[in-house]
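Worksheet: the structure to be examined is printed underneath.
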């Protein structure tokens, strides 16, 4: 079945630094990538949607200059949290959707802790 | 009002019990409905899609009531391994292909 590899699984960084999270579709072409954030005991909240080769569409309230999304190829999308602060500590999950299969395949998530 | 609402629980049930979760959604122009399961600190995994006529997969039965805008999930003969958070997920018409997640209902199955 479709697999999305997400790295790193967890990361601890200092306040003010940037962190890059990668999601790779291993056996299908991810035409669309969704990036979510989940705080403890809360729902997955969609941050942005990106289509390969296009600029990402951000949800209301999500700073596009802080959360940089790149989806330059059909198998790789990245989310960079710039100038991270402790309030950015969260569980970040990607979800990919292909052109052939219309299901949603989730990455395993990245737990970010900013200290 | 949240677009997708669920009782957060937790629901503590003994092994073998039958348990039901409900979910309501606010947008009547909703296209597709799903139940996902999420284990602690893991990604959500699709449990089943929900069809208008209702559908069953083993011990799991999902139902949709479009008139009342609610979705249900019934788990029969619950197992310890069913302990997880169950997420109600809706894809709204006109929302592109994005999914909207409920907060989830936590289930704890005990001996």
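The values are calculated or read from the model by the stated rules, or taken from the named source; none is laboratory data. In this text the structure is predicted, and so the values were computed from the model without any measurement. Note that each Cβ is placed from the backbone with ideal geometry, even for glycine, and that neighbours are counted across all protein chains shown.
Would a scan of the stretch A:75-93 turn up a residue that is part of a loop (DSSP other than H, G, I, E, B) and within 14 Å of chain B (Cβ to nearest Cβ)? Yes, because at least one residue in the stretch A:75-93 is part of a loop (DSSP other than H, G, I, E, B) and within 14 Å of chain B (Cβ to nearest Cβ). I'd like to check something: does the stretch A:80-92 contain any residue that is under 11 Å from the mean Cα position of the chain (by Cα), at pLDDT 95 or above and within 22 Å of residue B:101 (Cα to Cα)? Checking the stretch A:80-92: at least one residue is under 11 Å from the mean Cα position of the chain (by Cα), at pLDDT 95 or above and within 22 Å of residue B:101 (Cα to Cα). Considered as a group, the residues in the stretch B:74-104 that are more than 14 Å from every other protein chain (Cβ to nearest Cβ), touching a strand residue (DSSP E or B) at 6+ places or on another chain (Cβ under 6 Å) and farther than 23 Å from residue A:40 by Cβ include one that is modelled with the lowest pLDDT, and that residue is B:93. Can you find a residue in the stretch A:61-68 that is surrounded by 14 or more Cβ atoms within 10 Å (Cβ to Cβ) and under 26 Å from residue B:49 (Cα atoms)? Scanning the stretch A:61-68, I find no residue that is surrounded by 14 or more Cβ atoms within 10 Å (Cβ to Cβ) and under 26 Å from residue B:49 (Cα atoms), so the answer is no. Checked against (1) crowded, with 21+ Cβ neighbours inside 10 Å; (2) over 17 Å from residue A:79 (Cα atoms), residue A:1 passes all but a single condition, namely (1).
Within the stretch A:97-115, restricting attention to residues that are more than 19 Å from residue B:41 (Cα to Cα) and more than 9 Å from chain B (Cβ to nearest Cβ), the residue that is modelled with the highest pLDDT is A:115. Within the stretch A:17-36, identify whether any single residue is assigned to a loop (DSSP other than H, G, I, E, B), within 14 Å of another protein chain (Cβ to nearest Cβ) and surrounded by 13 or more Cβ atoms within 10 Å (Cβ to Cβ), and answer yes or no. No, that holds for no residue.
Just name the residue that is surrounded by the fewest Cβ atoms within 10 Å (Cβ to Cβ) out of those in the stretch B:26-38 that are within 13 Å of chain A (Cβ to nearest Cβ) and more than 16 Å from residue A:42 (Cβ to Cβ). Going through the qualifying residues, I end up with B:31. Listed by position, the strands (runs of 3 or more DSSP E) inside the stretch B:8-111 whose residues that are touching a residue at least 12 places away in the same chain (Cβ under 8 Å) number at least 2 are B:11-14, B:19-25, B:30-38, B:44-50, B:60-65, B:70-75, B:84-92, B:105-110.
Scanning the stretch A:39-67 for residues that are in contact with a strand residue (DSSP E or B) (Cβ under 8 Å, 6 or more places away or on another chain), closer than 19 Å to residue A:20 by Cβ and part of a loop (DSSP other than H, G, I, E, B) yields A:52, A:56, A:62, A:64, A:66.
Of all the numbered requirements in (1) farther than 26 Å from residue A:60 by Cα; (2) surrounded by 21 or more Cβ atoms within 10 Å (Cβ to Cβ), residue B:100 misses one, and that requirement is (1).
For the stretch A:1-16, the set of residues classified as at pLDDT 95 or above and assigned to a loop (DSSP other than H, G, I, E, B) consists of A:8, A:9, A:14, A:15, A:16, listed by residue number.
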